[in-house]
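A quick write-up on the structure given underneath.
The values are calculated or read from the model by the stated rules, or taken from the named source; none is laboratory data. This one's a predicted model, so the numbers in the text were calculated from it and none came from an experiment. Virtual Cβ from ideal backbone geometry, glycine too; neighbours counted across all protein chains shown. Surface accessibility is based on the protein's heavy atoms, side chains included, excluding ligands, DNA and RNA. Shrake-Rupley method; radii C 1.70, N 1.55, O 1.52, S 1.80 Å.
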Amino acid sequence: MNASASASVPTTAETLRSALGGLLDGLPPKQATAAVDRLIANYRGRTPTDAPVLRDRSDVAAYAAYRMPATFEAVRSALDALAEAAPQWSPRSHVDVGGGTGAATWAVDAIWDGPRDTAVLDWAEPALALGKELAAASGSQVLRTAEWRRAVIGSGLALPEADLVTVSYVLGELTPEARRAVVAEAAHAGQAVVLIEPGTPQGYLRIREARDQLIAAGLKVAAPCPHDGTCPIEVGQDWCHFSARVSRSSLHRKVKGGSLPYEDEKFSYVAATRFPVEPAPSRITRKPQIRKGLVLLELCGPEGEGLTRVNVTKRHGDLYKAARDADWGQEWPPATS
C-alpha cells in the first residue's frame, strides 16, 4: 500500500477536478442540466436495462463533471478498507467493469503505488473516449497507459485474470440475470473483487446479494464486514451504507443550487479476496454520536455478535480519545502501530 495514501489522495482528487474543469465549456447550461437530471434519475434507481446510460459527449461531460468526484471518493473509501485488511498486498493488474470515464482507476491510483496494468471496460464509446482524455491529463503513468475498451456489460462478459476487479455503480443498471453474470465473472477473474453501489436500501440489497454470491464462489470478505457469515441486518428495517465527503463541483452548485462547498456521498460496498486478509474486528456502521464525556458507537461485530452499541467514556483513556476522532466506516477498535 502507498504509505502516504492519505496524503496523496487530496492531490489525486485535485488533479481529477482540474482535469474535469473544462469539460462543460461550450455546452449550453440547459443541456447540461437536462443531462444531469436524467442521469440522477437513473442513478437513484429505475427499471434496469442493458442499454448504455451515457449516450453522447454531452451526457458524458455532464456525468463526469457531476458524478465522477463522488464516485472517486466512494471507491477510494472502499479500496482503503481493502488496503487496511491486506496491508502487504498491492494489485499489479486492475480491470474496471463498466468503468465509464474511469473514476475507479483514479481511486486505485490514489491508494497503491507501483506499475500496474489497467483496463477500463464500458459499453459507451463516448465515456471511454473522455475517460482516456482525462487520464492523459493526469500525472500518472498508470492512468496514461491504461487500456480503454468497449465491452457489453452483462451476460456473456469475459474478463481477463486480474489482481483486482472493480465494479462501481453498475449493478443497478443491469437486469437481475445480467447482474449475477457480471458478479460471477468478476469472482472468476479477480484475486480481489470490490463492488460499490449507491447507499440506498436498493443498493445495499444488490451488494448483499453479490456478497453472498462472492462467498459462494470461494472468496473471503475483507471489508466492510468483520466476517463471512450472514449479514445481521434485518431486511426492510435498516441497510448497511457508509459516507464519503466530496468537494462540490461547479456544475453541482449550478444545477442544485447548493450553498455548501461539499456533499456527503452515501454508498454500499463489499470487498472480497482469494488471498488471506485481516478483516476489521468490528466496523463503525453509523456516524459516532459525541456527547459530553461519552461517544456512542454503533458497530457490526464478529459473526454471532451482530450489531451492537458501545459507550466509550473518559474512563477508557486513550480509547476515548480515539473514539472522539473515529469516523463512520472505520474499524473498531483502531489498529495500533
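Here is how the numbers come out for the structure above:
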quantity	calculated
Spin-label pair Ala335/Asp228, simplified geometry with 7 Å Cα→Cβ offset, distance in nm	2.1 nm
Extension gain, Gln88 back to Arg245 (0.36 nm per residue minus Cα-Cα distance, nm)	53.8 nm
Ordering of 270-278, 187-195, 310-318 by burial proxy (mean other Cβ atoms within 10 Å per residue, highest first)	187-195, 270-278, 310-318
Spatially proximal aspartates and glutamates relative to Lys30 (Cα-Cα < 18 Å; intrachain offsets below 8 disregarded)	Asp56, Asp59
Calculated FRET efficiency for the pair His188/Lys292, C-beta based, R₀ 51 Å, to 0.05	0.45
Amide proton proximity set for Thr118, modelled H, under 5 Å, gap of 5+	His94, Glu147
Residue-span extension gain [Leu205 to Thr313] - 0.36 nm each, minus C-alpha spacing	35.4 nm
Cα-Cα over 32 Å, subset of Lys220/Lys314; Lys266/Lys292; Lys220/Lys292; Lys132/Lys266	Lys220/Lys314; Lys220/Lys292
Length gained when the stretch Lys321-Lys266 is fully extended (0.36 nm per residue, less Cα-Cα span)	17.2 nm
Rounded FRET efficiency, nearest 0.05, which uses the C-beta distance separating Ala137 from Lys30 and R0 of 22 Å	0.20
Per residue solvent-accessible surface (Å²) - region 197-337, probe of 1.4 Å	53 Å²
Residues whose placed amide H lies under 5 Å from that of Ala222, excluding near-sequence neighbours	Ala271, Ala272, Thr273
Under Karplus coefficients 6.51, -1.76 and 1.60, residue-wise ³J(HN,Hα) of region 177-185 in Hz, glycine/proline x	5, 5, 4, 5, 5, 5, 5, 4, 5
Within-15-Å neighbourhood charge of Glu234 [Cβ basis; K, R +1; D, E -1]	-1
Region 195-202 - phi-based ³J(HN,Hα) in whole Hz, Karplus 6.51/-1.76/1.60, Gly and Pro as x	10, 10, 9, x, x, 10, x, 5
Residue-wise HN-Hα coupling along region 237-243, computed from phi with Karplus coefficients 6.51, -1.76, 1.60 (Hz; x: Gly, Pro)	9, 6, 8, 8, 7, 9, 9
Surrounding net charge for Trp112, when Lys and Arg each add one and Asp and Glu each subtract one, Cβ distance under 15 Å	-4
